[in-house]
């Protein structure tokens, strides 16, 4: 299954599931199973009625009672435990199902309340690691990150590695986007401390390298998490540098106007994220995302504002 096909499937699924949650005020766990979880699995290519793929009420080795769903690989071994919770439950904590997965050497656990889906990577020696928490409406735009969950992979090691790489890549890109005012060396150290403070395994190391390469080549600008909700797409914005800006006449220190269109202005007294948004709303951006830090600090230094906090 290709990402575009999965996106189409997830679009149809999320629309129907949203209607269920809208029309059924007090949806029960059993209804979430039948009306939301089963169609979600079907969208991923799984057959909930095939016991060789999906084992309902799987008898876990530990914990209180069976696991709601176990997804099986081609050899019939469970590779993902799925826990269905009531509609108001929090899914940001892995809970007991992650411990059941750990005891059973099952590498993934998925928790849902019908409105959100949280996937966790479970290892034998470490605490569970969140790979994503996605609300229904964001499913279609994250199809590429979900490919490793499709029945095509049957949750093989290859599929699980793809899930981990996708999750780490998006996390690194988001962190870089939110901290682009740092120097490159500081970013490298900071990203590693946030994503993998200990020793890096091959999957994590490769994911960080992939994400950094995407960032430096600006391919990340085409990814769904970085597209603006309104206005021009990022790759359509005009490039600008610090030399294109001059102090705003009679304005307070830190205010600038665009040399080629004096209706465009910037207030460098604001924080980096706010200045980036000012640029975007005026159809502008720096040549690369990592160039923004130099742009921001150069203009602040010119205005005598010093380093930002």
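Any read-out appearing in this document is the output of simple, stated calculations on the displayed coordinates, not a laboratory observation. These figures come from a predicted structure and were not determined experimentally. When we count neighbours, we look across all protein chains shown, and the Cβ atoms used for this are built from the backbone with ideal geometry, even at glycine.
Distance between the pseudo-spin-label points of residue 29 and residue 123 (7 Å out from Cα toward the beta carbon): 3.1 nm.
Residue separation of residue 280 and residue 42 scaled by 0.36 nm, minus their Cα-Cα distance, works out to 81.7 nm of gained length.
The Rg/Rh ratio for the stretch 40-184 is 0.98, where Rg is the radius of gyration of the alpha carbons and Rh is the Kirkwood radius. For the stretch 234-302, the equivalent ellipsoid built from the Cα gyration tensor has semi-axes of 17, 13, 10 Å, listed from largest to smallest. Pairwise inverse Cα distances across the stretch 77-117, averaged and inverted, put the Kirkwood hydrodynamic radius at 10.3 Å. Extension gain for residue 93 to residue 262 (0.36 nm times residue separation, less C-alpha to C-alpha distance): 55.8 nm.
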